[in-house]
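Here's the structure we're looking at; comments come further down.
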Amino acid sequence: MPERIVVAMTGASGGIYGIRALEVLRGIPQVETHLIVSKGARATLALETPYRLEEAHELADVVHTDTNLAAPISSGSFQVRGMLVAPCSVKTLSAIAVCDSGNLVARAADVTLKERRPLVLLFRETPLHRGHLRIMQEATEAGATVMPPVPAFYHLPKTIDDIVDQTIGRALDQLGLDSGTVRRWTGATGPNSGS
C-alpha cells in the first residue's frame, strides 16, 4: 500500500511551496499524493508562479475538487500518512481551528486531526495580531503543527529555490519523510562558533 500524503494549496501567498512539495514528493518512492487546490489558491498560483493549474494537477497522483466533501480523503477510514497545507491562509487556519468543515481542505484537515495523523500548516501571514495567535494556538492544541515558512540561513542559500527546498524538506520531516532537500545542521566550527 502506498504512503498517501494529502497536499492542499490555499489562497495565501506562496503557491510555490505547494508546487515544490508535489515535485519533491514525486521523487520519494511509494508516496501517493492527493491534491486539493482551493479557489483562492488557483488565483494566487496564476499571479505568483509560471505554473498553470493543469501543471499542478499533473504533479499529483490524485486530484480532488475543494467542494467534493464526499472525496475519499474526507473519511478517517481512508488511510493517509498525513497532510500538508502549503501555503495555509488565515481563512483555512481559522476553519481548521474551529472544525468548520465547509470545504474539502478543512474537512480533510479535520479528519487528519481526529485520526491523530500529522497535519502541517505552512501558515503564510505576517505581522500577526492576537486573533492569528489565538487560532494558531487552537490549531496546535488540536494536534496540528503550525509552521510559518520562515527561511533558514545556516545552509547558506543562494537562490529562492534553496530557501523553498529547505522549508519544504523540513515540513516533510514533520510527516516522517526525508525529502533529500534538507541541508542538516551538524554543528558549528570556526572563530564565532564558541568551540
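If we scan the stretch 51-73, do we find a residue that is hydroxyl-bearing (Ser, Thr, Tyr) and either touching a residue at least 60 places away in the same chain (Cβ under 8 Å) or assigned to a strand (DSSP E or B) (or both)?
No, because not a single residue in the stretch 51-73 is hydroxyl-bearing (Ser, Thr, Tyr) and either touching a residue at least 60 places away in the same chain (Cβ under 8 Å) or assigned to a strand (DSSP E or B) (or both).
Quick one: Val98 ticks every box in (1) aliphatic (A, V, I, L, M); (2) surrounded by fewer than 24 Cβ atoms within 10 Å (Cβ to Cβ); (3) closer than 25 Å to Arg170 by Cβ except a single one, so which number is it?
So the condition that Val98 fails would be (3).
Does Ile135 qualify as being of a type in the set (Val, Ile, Thr), within 19 Å of Gly18 (Cβ to Cβ) and either out of contact with any Phe, Trp or Tyr (no Cβ under 6 Å at 6 or more places or on another chain) or in contact (Cβ under 8 Å) with a residue 60 or more places away in the chain (or both)?
Judged against the criteria, Ile135 is not a match.
Is it true that some residue in the stretch 79-93 is in contact (Cβ under 8 Å) with a residue 40 or more places away in the chain, more than 16 Å from the chain's Cα centre (by Cα), closer than 24 Å to Gly27 by Cα and outside any helix (DSSP H, G or I)?
Of the stretch 79-93, the ones in contact (Cβ under 8 Å) with a residue 40 or more places away in the chain are 79-93.
Going one step further and asking which of them are more than 16 Å from the chain's Cα centre (by Cα), we end up with 79.
Now drop any that are not closer than 24 Å to Gly27 by Cα, which leaves 79.
Checking which are outside any helix (DSSP H, G or I) leaves us with 79.
Within the stretch 79-93 (the criterion being in contact (Cβ under 8 Å) with a residue 40 or more places away in the chain, more than 16 Å from the chain's Cα centre (by Cα), closer than 24 Å to Gly27 by Cα and outside any helix (DSSP H, G or I)), the answer is yes, since at least one residue qualifies.
Among the residues of the stretch 118-134, are any within 15 Å of the chain's Cα centre (by Cα), farther than 18 Å from Ile168 by Cα and not in a strand (DSSP E or B)? Spell out the reasoning first.
Of the stretch 118-134, the ones within 15 Å of the chain's Cα centre (by Cα) are 118-125.
Subsequent filtering for residues that are farther than 18 Å from Ile168 by Cα retains none.
No, that holds for no residue.
For the structure I just gave you, tell me whether Val63 is buried (at least 22 other Cβ atoms within 10 Å of the Cβ) and closer than 23 Å to Leu93 by Cα.
Answer is no for this residue.
Each value in this text was obtained by applying a stated rule to the coordinates, not by laboratory testing. Note that this is a predicted model, so its numbers are computed, not measured. Every residue, glycine among them, receives a Cβ derived from its backbone with ideal geometry; neighbour counts consider all protein chains shown.
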